[in-house]
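Enquirer: One structure coming up, written as structure tokens, with questions to follow.
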Amino acid sequence: MSIHIEAKPGDIADKILLPGDPLRAKFIAENFLEDAVCFNNIRGMLGYTGTYKGHRVSVMGTGMGMPSISIYANELITSYGVKKLIRVGTAGSLNKDVHVRELVLAQAAATTSSMIKNEWPLYDFPQIADFTLLDKAYHIAQDLGMKTHVGSVLSVDAFYSDFADKNIQLGQLGVKAVEMEAAALYYLAAKHGVQALGIMTISDSLVADEDTTAQERQTTFTDMMTVGLETLIAE
């Protein structure tokens, strides 16, 4: 057991999907995995291990924000030997060409957070996805006919912010969407020498009148789940 995960050694696969919402983890386990077994319920942060097309994979919620995903990703990597971590979450579009329900593969993540800067105060450390996972995910999504965007996202600490207008301006520089976890995940992957990718579904738009309900976000954004799982098991 680690501090925040009650799984025993061997309970968690070396590849994992990481939705923010633990109920989305439960949905994935019940609808995509075979013989799924719950390995964690501490703080209600549900985690499951099962098989997908004959491959052993896990899925676990991470909560909202970079501090929360950093706790779980760190323990999954250092205590349980996870090597491939794919975030499957929601994001808000910052770009007029990126619409609700479309996918964004986060090639890189800019951030307003000081978490990484605190460790590297003299450097602007780039937060980038693992190219092998990114390349596989893109081609899988294309083969499945899913509308997919590849580019930078913005990872923020504050959901409610007085800087929304500045965030929107980043869309004019090609940033696809805003979310709250990818930068920290990418940093931890680089720090520990593992692979990470963020696959986001656009749940709403900051530049157009487009939105989805909380229930839709929890249970209907299945394209990113499919792409994430197929990417995890791709050779």
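The values are calculated or read from the model by the stated rules, or taken from the named source; none is laboratory data. Because the structure is a prediction, the values reported are computed rather than measured. Neighbour counts are summed over all protein chains in view; Cβ atoms, including those assigned to glycine, are modelled from backbone coordinates with ideal geometry. Surface areas here come from the heavy atoms of the whole protein model, side chains and all, with no ligands, DNA or RNA. Shrake-Rupley method; radii C 1.70, N 1.55, O 1.52, S 1.80 Å.
Enquirer: Restricting attention to the stretch 90-102, does a residue exist that is closer than 21 Å to Thr132 by Cβ and out of contact with any Cys (no Cβ under 7 Å at 6 or more places or on another chain)?
Expert: Here is the first cut: in the stretch 90-102, the residues closer than 21 Å to Thr132 by Cβ are none.
Checking the stretch 90-102: not a single residue is closer than 21 Å to Thr132 by Cβ and out of contact with any Cys (no Cβ under 7 Å at 6 or more places or on another chain).
Enquirer: A further question on this structure: Restricting to the stretch 165-204, name every residue that is assigned to a loop (DSSP other than H, G, I, E, B), of a type in the set (Val, Ile, Thr) and either modelled with pLDDT under 95 or over 17 Å from Thr112 (Cα atoms) (or both). Let's see the steps before the verdict.
Expert: Of the residues in the stretch 165-204, the ones assigned to a loop (DSSP other than H, G, I, E, B) are 172-176, 180-181, 193-194.
When the remaining residues are screened for being of a type in the set (Val, Ile, Thr), the result is 175, 194.
Passing the criteria: only Val194.
Enquirer: I'm trying to understand the selection: among the residues of the stretch 81-136, which are of a type in the set (D, E, K, R) and either closer than 23 Å to Phe221 by Cβ or over 15 Å from the mean Cα position of the chain (by Cα) (or both)?
Expert: Quick first cut of the stretch 81-136, residues of a type in the set (D, E, K, R) only: 83-84, 87, 96-97, 101-102, 117, 119, 124, 130, 135-136.
Across the stretch 81-136, the qualifying residues are Lys84, Arg87, Lys96, Asp97, Arg101, Glu102, Lys117, Glu119, Asp124, Asp130, Asp135, Lys136.
Enquirer: As an exercise: evaluate Asn167 against (1) among the polar types (S, T, N, Q); (2) open to solvent by less than 40 Å² (accessible area, probe 1.4 Å); (3) out of contact with any Phe, Trp or Tyr (no Cβ under 8 Å at 6 or more places or on another chain); (4) closer than 26 Å to Ile16 by Cβ and give the number of the one condition it does not meet.
Expert: Status for Asn167: all satisfied but (4).
Enquirer: Taking the stretch 81-107 only, how many residues are assigned to a loop (DSSP other than H, G, I, E, B) and open to solvent by 10 Å² or more (accessible area, probe 1.4 Å)? Working first, answer last.
Expert: We begin by selecting, within the stretch 81-107, every residue assigned to a loop (DSSP other than H, G, I, E, B); these are 81-83, 94-102.
Filter once more, keeping what is open to solvent by 10 Å² or more (accessible area, probe 1.4 Å): 81, 83, 95-97, 99-102.
Residues in the stretch 81-107 being assigned to a loop (DSSP other than H, G, I, E, B) and open to solvent by 10 Å² or more (accessible area, probe 1.4 Å): 9 in total.
Enquirer: Can you find, within the stretch 42-80, the residue that is surrounded by the fewest Cβ atoms within 10 Å (Cβ to Cβ) among those that are more than 18 Å from the chain's Cα centre (by Cα) and in contact (Cβ under 8 Å) with a residue 60 or more places away in the chain? Spell out how you get there, then give the answer.
Expert: Start the filter on the stretch 42-80 by keeping residues that are more than 18 Å from the chain's Cα centre (by Cα), which leaves 42-44, 50-56, 78-80.
If we keep only those that are in contact (Cβ under 8 Å) with a residue 60 or more places away in the chain as well, we get 52-53, 55, 78-80.
Details: Tyr52: 22, Lys53: 10, His55: 13, Thr78: 14, Ser79: 16, Tyr80: 21.
Ranking the qualifying residues of the stretch 42-80, first place goes to Lys53.
Enquirer: Could you grab me the full set of residues in the stretch 205-229 that are open to solvent by 40 Å² or more (accessible area, probe 1.4 Å) and not in a loop (DSSP other than H, G, I, E, B)? Show your work before the answer.
Expert: Start the filter on the stretch 205-229 by keeping residues that are open to solvent by 40 Å² or more (accessible area, probe 1.4 Å), which leaves 206-211, 213-218, 220, 222-223.
Of everything in the stretch 205-229, those that are open to solvent by 40 Å² or more (accessible area, probe 1.4 Å) and not in a loop (DSSP other than H, G, I, E, B) turn out to be Ala214, Gln215, Glu216, Arg217, Gln218, Thr222, Asp223.
Enquirer: In the stretch 116-133, which residues are assigned to a loop (DSSP other than H, G, I, E, B) and either in contact with a strand residue (DSSP E or B) (Cβ under 7 Å, 6 or more places away or on another chain) or crowded, with 18+ Cβ neighbours inside 10 Å (or both)? Step through it out loud before you land on a result.
Expert: Kept after step one, since they are assigned to a loop (DSSP other than H, G, I, E, B), are these residues of the stretch 116-133: 120-127, 129-130.
Listed by number, the residues that qualify are Pro126, Gln127, Ala129, Asp130.
Residues are listed down the side, and each one gets a yes or a no for (1) of a type outside the set (Val, Ile, Thr); (2) on the phi < 0 side of the Ramachandran plot; (3) in contact (Cβ under 8 Å) with a residue 60 or more places away in the chain:
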{"site": "Gln169", "(1), (2), (3)": "yes, yes, no"}
{"site": "Ala183", "(1), (2), (3)": "yes, yes, yes"}
{"site": "Leu197", "(1), (2), (3)": "yes, yes, yes"}
{"site": "Gln215", "(1), (2), (3)": "yes, yes, no"}
{"site": "Thr220", "(1), (2), (3)": "no, yes, no"}
{"site": "Leu229", "(1), (2), (3)": "yes, yes, yes"}
{"site": "Ala234", "(1), (2), (3)": "yes, yes, yes"}
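Enquirer: For the structure I just gave you, tell me whether Ala158 is touching a strand residue (DSSP E or B) at 6+ places or on another chain (Cβ under 6 Å), hydrophobic (A, V, I, L, M, F, W, C) and in contact (Cβ under 8 Å) with a residue 12 or more places away in the chain.
Expert: Working: touching a strand residue (DSSP E or B) at 6+ places or on another chain (Cβ under 6 Å): no; hydrophobic (A, V, I, L, M, F, W, C): yes; in contact (Cβ under 8 Å) with a residue 12 or more places away in the chain: yes.
No: the conditions fail for Ala158.
Enquirer: Taking the stretch 142-155 as the search range and keeping residues that are within 26 Å of Gln218 (Cβ to Cβ) and more than 16 Å from the chain's Cα centre (by Cα), which one is least open to solvent (accessible area, probe 1.4 Å)?
Expert: Met146
Enquirer: Go through (1) open to solvent by 50 Å² or more (accessible area, probe 1.4 Å); (2) within 16 Å of the chain's Cα centre (by Cα) and name the single condition His139 misses.
Expert: Of (1) open to solvent by 50 Å² or more (accessible area, probe 1.4 Å); (2) within 16 Å of the chain's Cα centre (by Cα), only one is false for His139: (2).
Enquirer: Also, quick follow-up: Go through the stretch 22-41 and give me each residue that's crowded, with 20+ Cβ neighbours inside 10 Å and within 21 Å of Pro67 (Cα to Cα).
Expert: Those that are crowded, with 20+ Cβ neighbours inside 10 Å and within 21 Å of Pro67 (Cα to Cα): Pro22, Arg24, Ala25, Asn40.
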